[in-house]
């Protein structure tokens, strides 16, 4: 499908195909030039590519908000809850500070 180079890496390698499919769906929703269907995006304008990326982000945020509204746990919220439950007392970890001098 697409060639991935540079620092733009997917955190979950199993999601690459799903993200590519999601990108094609977003392009279809926006009626972008059909040349992207070959997997090559080089002939698509920067404006059109930005629109596709923006549409993807919009849909991801909408999905996340729906999960939060429905009370469905998300990975991010579970991690936040784990950190909130820990009682961090930095003074105890650092010990007594005695200035040298």
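A short reminder: the numbers here are calculations on the coordinates, not readings from a lab. It should be emphasised that the depicted structure is a prediction, and the values quoted were computed from it without experimental measurement. Because the Cβ atoms are built from the backbone with ideal geometry, glycine has one as well, and the counts that use them run over all protein chains shown.
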Inter-probe distance in nm under a simple model that places probes 7 Å from Cα toward Cβ, at residue 60 and residue 11: 0.9
Relative contact order (%) - the stretch 13-79, alpha-carbon pairs under 8 angstrom, separation at least six: 26
Area projected by the alpha carbon convex hull of the stretch 13-79, averaged over all directions, nm²: 5.6
